[in-house]
Ligand SMILES: Nc1ncnc2c1ncn2[C@@H]1O[C@H](COP(=O)(O)OP(=O)(O)O)[C@@H](O)[C@H]1O
Ligand SMILES: [Mg+2]
């Protein structure tokens, strides 16, 4: 369970995230849909405790973002788009173990979990090989395994498919759906309308740091009047541009 309450982030004069509120429940995928510069990454970095909020807060897995950042950190898994961020000189297992240690897991827990994840992602063959020589697909699996090593209740995905080819995108979508099936609470940011339509239970349209609409697609269609998410998106984002 995740509840965001009036979260705001300023960078000097710029309000990157402007008083946004939304919630997501267990097994729910909440999509943050917005153009470049809308404030998606900043929102997710705030929730991941990587940035300090200017005002507002959030509750993640029952913990307050501002008062209990360490408990929040241990409740979330993060998969951000772009580079996988693996350490080339470490093996797959060592890469995963390192994240486990950061999350205060014991050696025994980590060992058990690596065995489980190796089976789940069919990567037992290369668990003890150095990540530097892995194919993109292998690196992707290690990144998935690493993000859930501590079995977090909440997953944050920031544009996880941007720049990927078709089969890699499919793997990410399958992984997100598997997280949903496992009952995790998920926030996914994207600028891709069809991705959001395919995966998300509820959507927040973010524009210039503000959430300009929130709801399921049927709710958005009803509230904002339109025949498609794209039409509503263009209208809301266009309207705001004119203000
Ligand atoms: N560290 C930062 N310092 C100053 N401005 C920033 C910083 N990070 C993001 N911004 C600005 O905040 C706004 C939102 O950025 P971002 O959250 O990255 O948007 P998105 O992920 O939706 O593309 C943009 O105008 C961006 O330039
Ligand atoms: Mg971004």
For the range 68-77, does any single residue satisfy the condition of being over 22 Å from residue 174 (Cα atoms), within 16 Å of ligand 1 (Cβ to nearest atom) and at pLDDT 95 or above?
no
Quick check, is residue 127 in contact (Cβ under 8 Å) with a residue 24 or more places away in the chain, touching a helix residue (DSSP H, G or I) at 6+ places or on another chain (Cβ under 9 Å) and under 17 Å from residue 111 (Cα atoms)?
yes
Evaluate the range 143-158: report whether one residue or more is within 16 Å of ligand 2 (Cβ to nearest atom), in a loop (DSSP other than H, G, I, E, B) and surrounded by fewer than 23 Cβ atoms within 10 Å (Cβ to Cβ).
no
Would you mind stating whether residue 56 is within 16 Å of ligand 2 (Cβ to nearest atom), over 15 Å from the mean Cα position of the chain (by Cα) and either in a loop (DSSP other than H, G, I, E, B) or in contact (Cβ under 8 Å) with a residue 24 or more places away in the chain (or both)?
no
I'd like to check something: does the range 19-31 contain any residue that is farther than 29 Å from residue 145 by Cβ and within 16 Å of ligand 1 (Cβ to nearest atom)?
yes
Please go through the range 29-39 and give me each residue that is near ligand 2 (Cβ under 10 Å from one of its atoms), buried (at least 21 other Cβ atoms within 10 Å of the Cβ) and more than 10 Å from the chain's Cα centre (by Cα), ordered by number.
34, 38, 39
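The values are calculated or read from the model by the stated rules, or taken from the named source; none is laboratory data. Nothing here was measured: the structure is a model prediction, and the numbers come from that model. With ideal geometry, Cβ positions are generated from the backbone for all residues, glycine too; neighbour counts draw on all protein chains shown.
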